[in-house]
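Nothing in this text is a laboratory measurement; each read-out follows from the coordinates by a stated rule. Just so we're clear, the structure is a prediction, and the values are computed from it rather than from any experiment. Backbone-built Cβ (ideal geometry, glycine too); neighbour counts: all protein chains shown.
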């Protein structure tokens, strides 16, 4: 679980204001649990150790170009 310091209401307010959103305190409080949930998922992704080849993107089109 993310601690309150990592996902504080003040952090959320700062991020939304920087994004051009001007939310009321009630709106911020209603979004805060979702914000903390997203931070938890992001922390999991940040902890994954990837090698240089793990970031390669492969695209195989599903079309037949021979016809």
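Axis angle, to the nearest 10 degrees, between helix 9-18 and the longest C-alpha principal axis of the chain: 60 degrees. Fewest-first ordering of 44, 63 by other beta carbons within 10 Å of each residue's beta carbon gives 63, 44.
Taking other C-beta atoms within 10 Å as the exposure proxy, 54, 11 rank 54, 11 from fewest upward. A value for volume of the Cα convex hull per residue in Å³ was derived from the coordinates, and within the list (i) 138; (ii) 73; (iii) 183 it appears as (iii). Approximating the spin labels as points 7 Å out from Cα along Cα→Cβ, the residue 26-to-residue 63 distance works out to 5.1 nm.
Relative to the dominant Cα principal axis of the chain, helix 25-46 is inclined by about 40°.
Each of 18, 32 has some number of other Cβ atoms within 10 Å of its Cβ, and from fewest to most they run 18, 32.
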